[in-house]
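J.: Quick one: the structure is below, and I'll ask about it shortly.
Since every read-out is calculated from the coordinates, none of them should be taken as a lab result. Just so it is clear, the model here is predicted, and its values are computed rather than measured. We place every Cβ from the backbone using ideal geometry, glycine too, and count neighbours over all the protein chains shown.
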Amino acid sequence: MNEELELFCEDAQEQLTFMENALITMQEDGIDEESVGALFRAMHTIKGTAGMFGFDDVVGFAHIAENLLSEVREGKVELTEEMIETFLQSKDHTEKLIEIAVDNETLDSELKEINDELLKVLKLMMPGGKALDEIKVDAEEIVDENLDEGDVLWHISVRLKEHFLSTGMDIINILSFFNLLGEVKNIVPVLAHIPLLEDIDPVKAYLGYEIEFLSSEPYSEIEEIFEFVIDDVVLEIFKSNDTYMVQALVDAYESENLKELLIKNQFTCAKIFAPLETPVETVLEPVLELEAEIDKVEKKKKENQKSFSLRVDSSKIDQLINQISEMVIANAKIIQRADVLDDNELSESATIMSDMLEEIRTGVMNVRMVQVGDSFNKFKRIVNDVAKKVEKEIDFSIIGGETELDKMVVEKISDPLMHMLRNSIDHGVETPEERESLGKPRRGAVTLKTYPDAGTIVIEIKDDGRGLPKDKILAKARANGIVDENAQLSDKEIYNLIFAAGLSTAEKVSDISGRGVGMDVVKRNIESLRGTVEIDSTPGEGSVFTIRLPLTLAIIDGFLIQSGDTKYIIPLEMIQECIELDSHYKKQMSGNEFINLRDSMLPLLDVRTYFNEGKSQSERENVVVVRYGDYKIGMMVDELFGEFQTVIKPLGEVFSKLGGISGGTILGSGEIALIFDIPKLMEQKIREIPQ
Amino acid sequence: MMYIDKDELNIYDVESFHRDLLQEFKNPEVLIDMKNVNKIDISIIQLFISLHKSSQDSSKKFVLQNVNDELRFIFERAACTFLLGDADE
């Protein structure tokens, strides 16, 4: 797939996801004008970009959907529940059409049937049913009567962006290219934004053009005229008989009185407008004018406040993060050198540099961060569909959608979440009748909750269903030889067995879940993101799946310690406190690996023993108290060095089986420090504790 | 009358030309002799449009004089012959 096509797919997917979210939000919270406008623009963008690639099926379908959205936007048609459902189906269908077009395939009969059926429904939803077709035919007749076969009368609207003149391109030369591809039937400059002589900044561009152009060339050829200035102009190209585009253009350039300009200059497309109404002088007129003025000011204000987004290849951000990582390492060397040389000034400069690097790092990391809600909203529809399919009634809620997470992590976690949600609905939540007989509300509740916690992001999937069948899971695991017949497992260990490959306790295999394929993949996917997943379940009350994911994948704030001869890094955000393991605590321990920390038992993990380190080189021993989820342990270490910006480097295949270590980092001295995998260490330590 | 002693006017001249026009605009009428000019770009045309607007605003006369065929062709391509007094604004 070439780069342009890839960009098109990405953009179309974004627009479609956006449409889906907007529709689902309106389904729940009611119609809002802004979302309807945005829906129209999304469909319009898809149509326009698909046209550039000659994807006629996409363009044809999107055009009709866009027409209906335009009517909704103008308040001519009410957006009903049924219509939202149709637009959701249209969104899915457009997605399929794009897939087929990109793969250079043709519509099969089944898809064609769906296409025709959806088009019929969309058209019927237009005001007066077929009225749109009639209007369109009228407009086509107006245009077509003077055309040769194959010729199209295009409307081209172009506005030079302020910086246009600095590009060195001259729009006059660009306009002359039109004559090579066809005939300019009408051209008029748009002068509305050109200031008076005393106000003009002569190096800025304010000009625009409306052009009617007769040509047999396709859209892409015409657009190519603007190839070298495509980012320096605002360009719209559409067929002159596209009633809705004409209206959209006139609306967009209302401040230029474009409608009057087109009528005055006898543009063909202007024939769709009724003659300008004669103003009626009433006492209300000044008030209406004032209101219109206020509207304009408000609109302008909104336009000014709009930020713009920039599409950047994620690999460029990764490259930037890598470069910052190398700078962090280089700076650590400078700090080390300053210490050796006892050079205060160098040390101070290096510290300033270190702070600045941290700020840049946070800034770049933030570029990758997205609100999880934008992506999670799609689950609403999936839950809805699955619930309908298995005849269950579900109240699904998303809490903490504003929580931010690395975009790549959000994308990768999407499939596991979808799988777990399907399982919750299919197997967790009971049927409405069962629930009623159990004295539960008829509708089951499924919640997807996201929140930050101790340097991680927690995603919880909670249902109020029947809970996991502990006995069945254990029996099945024993029968499949996954656990030993005599093994004594805790509840959590039993629940975790559902992540073993090939274990499904579902009595009925549905097309949604129950094949035992998937939960192992779910766990693997989560672990590949350096995350963990835990299950808690209460019979008759429901289950909670808790996923913990690291906030970032590249650089973390670490805490440097030493044990024996090796330096280690503990992720700073997991650290609760550091205490000295003095004689008072040692006396308490009396051979056990516990201390009493403010009246609570704290299990200790002796790093030196655990990793077979040599003798301590320090006079004192320390305990670093770390927390992960609901658990706390104390890490017994020798030296505490303090905070350290840690660039995570993978350790490679050789060390892949080294438990409790998630990676390495390079210190300023060139030494390697190993980064603790706290969740793994904690899991192992807790497993050692007698039940 | 303002004489332009250049064969071509473009983006590189537009700022100084703007200053000259502002000076010229102080006169009761703005007459510009384009006799020596054979080529202009859109930045100059845009400046003329701005001058045209200001002239209309203050009811001053603004005329581009001695526009040769080559230059007229550029005005035509830019759809701005109204600046030459043609009634197509």
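J.: Once both axes come from the Cα atoms, what is the angle between helix A:56-73 and the longest principal axis of chain A, in degrees from 0 to 90, rounded to 10?
T.: Helix A:56-73 sits at roughly 80 degrees to that axis.
J.: I would also like to ask the following. If one computes the Cα centroid of the range A:311-346 and of the range A:634-691, what distance in Å separates the two points?
T.: When both Cα centres are located, 21 Å separates them.
J.: Now, a different point. By count of other Cβ within 10 Å, fewest leading, how are A:SER325, A:SER90, A:SER315, B:SER55 ordered? Display every interim value, and only then the final one.
T.: Working: A:SER325 21, A:SER90 27, A:SER315 8, B:SER55 18.
Sorted ascending by nearby Cβ count, the order is A:SER315, B:SER55, A:SER325, A:SER90.
J.: Still on this structure: Over the range A:408-500, what relative contact order in percent results from Cα pairs under 8 Å that are six or more residues apart?
T.: Working: 74 pairs, mean separation 19.4, N = 93.
After rounding, I find 21 percent.
J.: Checking the a/c ratio against 1.5 first, then a/b against b/c, what shape does the Cα gyration tensor give for the range A:314-436?
T.: Taking the square roots of the gyration eigenvalues as a ≥ b ≥ c, the range A:314-436 is prolate.
J.: Now for a different question. Just checking the output field for B:53-62: average partner chain Cβ neighbours within 10 Å of each residue's Cβ?
T.: 2
J.: About the Cα centre, and with charges only on the beta carbon of Lys, Arg (+1) and Asp, Glu (-1), how big is the dipole of the range A:1-126? Nearest 20 debye, please.
T.: Numbers: 9 positive and 31 negative charges, 106 e Å.
Approximately 500 debye in magnitude.
J.: While we're on this one: In whole percent, what relative contact order does the range A:346-431 give with Cα contacts below 8 Å and a gap of six or more residues? Intermediate values should be presented prior to the final figure.
T.: Values: 62 pairs, mean separation 31.9, N = 86.
Here the relative contact order equals 37 percent.
J.: Collect residues whose amide H, placed 1.01 Å from N in the peptide plane, falls under 5 Å from the amide H of A:SER216; neighbours closer than 5 in sequence don't count.
T.: Result for A:SER216 returns A:VAL152.
J.: Here's a follow-up. Which whole number gives the average count of other chain Cβ atoms within 10 Å of the Cβ atoms across peptide B:75-83? If you can, show how the numbers build up before the last one.
T.: Working: counts 1, 2, 9, 9, 11, 4, 0, 2, 0.
The per-residue average across the peptide is 4.
J.: Output the antiparallel fraction of DSSP beta bridges having both residues in the protein assembly as shown, as a percent to the nearest 5. Could the numbers behind the result be given before it?
T.: Working: 85 of 106 bridges.
Bridges in the protein assembly as shown that DSSP calls antiparallel: roughly 80 percent.
J.: For the range A:318-329, just list the computed ³J(HN,Hα) in residue order, Karplus coefficients 6.51, -1.76 and 1.60, θ = phi - 60°, integers in Hz, with x standing in for Gly and Pro.
T.: These are the phi-based 3J(HN,Hα) values: 4, 4, 4, 4, 4, 5, 5, 4, 5, 5, 4, 5 Hz.
J.: Starting from the coordinates of the alpha-carbon atoms of the range A:3-129, obtain the Kirkwood hydrodynamic radius over all distinct pairs and give the value in Å to one decimal.
T.: Working: mean 1/r = 0.0685 Å⁻¹.
14.6 Å is the Kirkwood radius here.
J.: So, one more: If you average the sequence gap of Cα pairs under 8 Å that are 6 or more apart and divide by the length of chain A, what percent do you get for the contact order? Mind showing how you got there, number by number?
T.: On the way: 977 pairs, mean separation 54.1, N = 691.
Taking the mean separation of contacting Cα pairs over the length of chain A, I get 8 percent.
J.: May I ask which residue of A:LEU667, A:GLN488, A:TYR209 lies farthest towards the positive end of the charge dipole of chain A, with charges of +1 (Lys, Arg) and -1 (Asp, Glu) on Cβ and the Cα centre as origin?
T.: It is A:GLN488, whose Cα lies furthest towards the positive end.
J.: Here is a follow-up. Take the alpha carbon gyration tensor of the range A:377-550, find the square roots of its eigenvalues, order them as a ≥ b ≥ c, and report rounded if a/c is under 1.5; if not, report prolate when a/b exceeds b/c, else oblate.
T.: Details: a/c = 1.64, a/b = 1.07, b/c = 1.53.
Verdict is oblate for the range A:377-550.
J.: Students often get this wrong, so check it: of A:LYS161/A:LYS259; A:LYS123/A:LYS392; A:LYS185/A:LYS264; A:LYS76/A:LYS271; A:LYS449/A:LYS649, which have C-alpha atoms separated by over 23 Å?
T.: Numbers: A:LYS161/A:LYS259 21 Å; A:LYS123/A:LYS392 33 Å; A:LYS185/A:LYS264 15 Å; A:LYS76/A:LYS271 21 Å; A:LYS449/A:LYS649 31 Å.
Table pairs above 23 Å Cα-Cα are A:LYS123/A:LYS392; A:LYS449/A:LYS649.
J.: Tally Lys/Arg at +1 and Asp/Glu at -1 over every other residue whose Cβ is under 12 Å from the Cβ of A:MET19; what's the total? Each step should come with its number before you reach the end.
T.: Details: positive: A:ARG41, A:LYS91, A:LYS378, A:ARG381; negative: A:GLU14, A:GLU20, A:GLU66, A:ASP92, A:GLU95.
Net of charged neighbours comes to -1.
J.: Still on this structure: Dipole of the range A:3-129 (Lys/Arg Cβ +1, Asp/Glu Cβ -1, origin at the Cα centre): which of A:LEU118, A:LEU5, A:LEU97 lies farthest to the positive side?
T.: Selected residue: A:LEU118.
J.: Given Cβ point charges of +1 (Lys, Arg) and -1 (Asp, Glu) and nothing else, what value in debye, to the nearest 20, does the dipole of the protein assembly as shown about its Cα centre take?
T.: Numbers: 82 positive and 151 negative charges, 649 e Å.
Dipole of the protein assembly as shown, to the nearest 20 debye: 3120 debye.
J.: If you don't mind, there's one more thing I want to ask. Show that you can apply the helix-only estimate: for chain A, add -39,500 (n - 2.57) for every DSSP H stretch of four or more residues, divide by all residues, and state [θ] at 222 nm to the nearest 500. All intermediate terms of the calculation are to be shown ahead of the outcome.
T.: Numbers: 24 runs with 312 residues, N = 691.
My calculation for chain A gives -14500 deg cm²/dmol from helical runs alone.
J.: Additional query: Under 18 Å from the Cα of A:LYS470, which aspartates and glutamates turn up, not counting those fewer than eight places away in the same chain?
T.: List returned: A:ASP426, A:GLU430, A:ASP484, A:GLU485, A:ASP491, A:GLU493, A:GLU507, A:ASP520, A:GLU534, A:ASP536, A:GLU541.
J.: Then there is this: Could you sort A:251-263, A:49-61, B:56-68 so that the peptide with the highest average Cβ count within 10 Å comes first and the rest follow in order?
T.: Working: A:251-263: 17.1, A:49-61: 19.3, B:56-68: 14.0.
Those peptides, ordered most packed to least, come out A:49-61, A:251-263, B:56-68.
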